[in-house]
Amino acid sequence: SARHWRYRFGLTQILTPRWLAAMNFEAVSDDGFLGNPYRAARVFGAAVPERVPSTRSSRAVKFRVLGDLGSRDAVSADYRYFWDNWGIRAHTLGAGYSRYFGSAWLADATIRFHTQDAATFYSDNFMTETTYISRNRQLATFSNVGPGVKLSYRYAQVPGKYDIRINGAYELLHFRYDDFTDVRNGQLYSFNAHIVQFYVSANF
């Protein structure tokens, strides 16, 4: 069993009639069994059960700026910093561009870059056994980049009553690990993920 608490605080400021700035803060506290009973760590190449602390506290702060360029298009940029008491430090940078084509089509392009340091008790292969040991790749040193596109079509609209849109989106994620090896070939692990979404949204 485990218990999780999550607290969020956000503040948005209008800078000009076309520009907004936002700041968001998040605090997370976890207590209980936070590991995986089926995951093993490696000590001198031998598999041993994973052992992680029973508590974790993390914080994250995010800054975002959004602007209307005045020609039916807009831009956004954001930065997020994450840290916790397991020794992880992470930085996330994002940027986006949106543009209307006609009265019905809206196109968005985004890109995100993320980098993370490893937890203090993580290792791909420990040279000594300590109180806490983990080979969870989510606690490793890694980076990922994710460009994406989204297209939205306004299917029907009655101002002040409803708005129905058909949406399609695609994102490519590339993950690269600096200190986690693939047991199948002994090489540093990396992979690509493709995310495709189709959905209908309606506001009334």
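The values are calculated or read from the model by the stated rules, or taken from the named source; none is laboratory data. This structure is a prediction, so every number in the text was calculated from the model and none was measured. Ideal geometry is used to build each Cβ from the backbone, glycine not excepted, and the neighbour counts take in all protein chains shown. For the accessible areas, the whole protein counts, side chains as well, though only heavy atoms, and no ligand, DNA or RNA atoms are used. Shrake-Rupley method; radii C 1.70, N 1.55, O 1.52, S 1.80 Å.
Quick one: which of Ala22, Ala109, Ala104, Ala77 is at pLDDT below 95, over 20 Å from Leu139 (Cβ atoms) and either out of contact with any His (no Cβ under 8 Å at 6 or more places or on another chain) or open to solvent by less than 50 Å² (accessible area, probe 1.4 Å) (or both)?
On the way: Ala22 fails: at pLDDT below 95; Ala109 fails: at pLDDT below 95; Ala77 fails: at pLDDT below 95.
Only one candidate passes the filter, namely Ala104.
Can you list residue pairs whose Cβ atoms sit under 6 Å apart, with the first residue in the stretch 48-61 being farther than 20 Å from Gln116 by Cα and the second being open to solvent by less than 30 Å² (accessible area, probe 1.4 Å) and of a type in the set (Val, Ile, Thr)? Count only pairs 6 or more apart in sequence or on different chains.
From residues that are farther than 20 Å from Gln116 by Cα, the pairs are Arg51/Ile133.
Take Ser190 and tell me if it is within 22 Å of the chain's Cα centre (by Cα) and closer than 30 Å to Asn36 by Cα.
Details: within 22 Å of the chain's Cα centre (by Cα): yes; closer than 30 Å to Asn36 by Cα: yes.
Yes, satisfied.
Has the stretch 39-50 got any residue that is farther than 30 Å from Tyr100 by Cβ, among the aromatic types (Phe, Trp, Tyr) and not in a loop (DSSP other than H, G, I, E, B)? Spell out how you get there, then give the answer.
Step one: of the stretch 39-50, the residues farther than 30 Å from Tyr100 by Cβ are 39-50.
Next cut, among the aromatic types (Phe, Trp, Tyr) only: 44.
Adding the requirement that they be not in a loop (DSSP other than H, G, I, E, B) leaves none.
Taking every residue of the stretch 39-50 in turn, none turns out to be farther than 30 Å from Tyr100 by Cβ, among the aromatic types (Phe, Trp, Tyr) and not in a loop (DSSP other than H, G, I, E, B).
Given the structure, is Gln116 polar (S, T, N, Q) and within 15 Å of the chain's Cα centre (by Cα)?
Working: polar (S, T, N, Q): yes; within 15 Å of the chain's Cα centre (by Cα): yes.
Spelling it out, Gln116 is indeed polar (S, T, N, Q) and within 15 Å of the chain's Cα centre (by Cα).
In the stretch 150-185, how many are free of Cβ contacts under 8 Å to residues at least 12 places away in the same chain and either open to solvent by less than 70 Å² (accessible area, probe 1.4 Å) or not in a strand (DSSP E or B) (or both)?
Summing the residues that are free of Cβ contacts under 8 Å to residues at least 12 places away in the same chain and either open to solvent by less than 70 Å² (accessible area, probe 1.4 Å) or not in a strand (DSSP E or B) (or both) in the stretch 150-185 gives 8.
Which residue out of Arg18, Arg99, Arg42 is more than 26 Å from Arg165 (Cα to Cα) and in contact with a strand residue (DSSP E or B) (Cβ under 9 Å, 6 or more places away or on another chain)? Full working, then the answer.
Numbers: Arg18 fails: more than 26 Å from Arg165 (Cα to Cα); Arg99 fails: more than 26 Å from Arg165 (Cα to Cα).
It is Arg42.
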